[in-house]
Every structure is written in structure tokens, then in C-alpha cells.
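K.L.:
Have a look at the structure that comes next, please.
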Amino acid sequence: MESAAESDDKLLESYFAAGELTEEQLKKGLYDGILKGSLLPVFCGSADKNIGAAPLLDFICDYGPRPFDAKNVSGVHPDSKSKVEWGATAKDPLCAFVFKTLVEAHVGNCHSSASIPDSFRSGPKRSTQATARPKK
């Protein structure tokens, strides 16, 4: 409870005055602490036996940072080599991090990625920073 209170000065004052936090204050403290990176929750479970998966997913949905709360992301434009910065709204350009590539003989390369913003629009081709060639 004290770690959650340390994410905000007002919560910390309230915690010292009352000795505890209300459920709403605790939720705000957890969310803010995780968003700032000062609080890192640890979960134990088993994927094989499906132990702890539901509470983990519930916690991520309730307390995990949302895309619109994320800081702006910066990078280097592949053509002009100038520094660019963008946010996590649908109006901002797409930025995706490919974290896994599968090579399938009949399909080709399949890439798994996390993107900012968290949605894709169909139609335009995207380019990779490494090659700057358009990809579908």
C-alpha cells in the first residue's frame, strides 16, 4: 500500500494521515506508479495449468498503461535522417516494433508487432527503418 501511495504526493499525505488508502486511492496509486515505471508488479502462475492467467489479465486491463497515456515516441526518419516525434493517437503516423518473425514456406514471412498507435488502417504500405522499402 505504501508503494502505491509513493506514486503521488497527495496520496502519500493521505496515507500518512489515515494510515491506509481507500480502494479508489489505491487503484490510482497503482496505475500512476506503473505508468511512471516506479512500481513493478510481480505475478506468479502457470500457463500449462492455467493458474493465475485470469487475475493477470484482469490486472493488466484495470491497471496497465493505456495507449493515450503513453509518452510521445521519438525516432529517426529513414529518408531525411531527422529526428521525428509522434504520439499514440490514430492521427499520428504508425510506429511498430516487430518482436517476432515466422517464416512459413507457403505464406512467406509473418511478423508480430506492437504498434503506436495501437491500430492499423488498411491500404497504405509501410516501410521498415532498416531498408526503407515499402512493405504490405
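K.L.:
Would you confirm, using the coordinates I've provided, whether Ser38 is over 23 Å from Ala5 (Cα atoms) and either of a type outside the set (Val, Ile, Thr) or within 21 Å of the chain's Cα centre (by Cα) (or both)?
P.N.:
So Ser38 does not fit the description; no.
K.L.:
Of all residues in the range 6-23, count the ones that are over 29 Å from Asn72 (Cβ atoms) and either touching a Ser or Thr at 6+ places or on another chain (Cβ under 6 Å) or in a helix (DSSP H, G or I) (or both).
P.N.:
Summing the residues that are over 29 Å from Asn72 (Cβ atoms) and either touching a Ser or Thr at 6+ places or on another chain (Cβ under 6 Å) or in a helix (DSSP H, G or I) (or both) in the range 6-23 gives 7.
K.L.:
Looking at Ser38 and the list (1) assigned by TED's automatic domain parsing to the domain that holds Ala96; (2) polar (S, T, N, Q); (3) over 26 Å from Ala96 (Cβ atoms), which single condition is not satisfied?
P.N.:
(1)
K.L.:
Give the residue that is surrounded by the fewest Cβ atoms within 10 Å (Cβ to Cβ), with candidates limited to residues of the range 1-42 that are touching a helix residue (DSSP H, G or I) at 6+ places or on another chain (Cβ under 7 Å) and hydroxyl-bearing (Ser, Thr, Tyr).
P.N.:
Per the stated criteria, the residue is Ser3.
K.L.:
Identify, please: which residue in the range 42-60 is in a loop (DSSP other than H, G, I, E, B) and touching a Gly at 6+ places or on another chain (Cβ under 9 Å) and is, among those, nearest to Ala5 (Cα to Cα)?
P.N.:
Only one residue tops the list, namely Phe43.
K.L.:
Take Asp79 and tell me if it is more than 29 Å from Asp8 (Cβ to Cβ), assigned to a loop (DSSP other than H, G, I, E, B) and outside the structural domain of Ala96 (by TED's automatic domain parsing).
P.N.:
Considered against the rule, which asks whether it is more than 29 Å from Asp8 (Cβ to Cβ), assigned to a loop (DSSP other than H, G, I, E, B) and outside the structural domain of Ala96 (by TED's automatic domain parsing), Asp79 comes out as no.
The values are calculated or read from the model by the stated rules, or taken from the named source; none is laboratory data. This structure is a prediction, so every number in the text was calculated from the model and none was measured. Backbone-built Cβ (ideal geometry, glycine too); neighbour counts: all protein chains shown.
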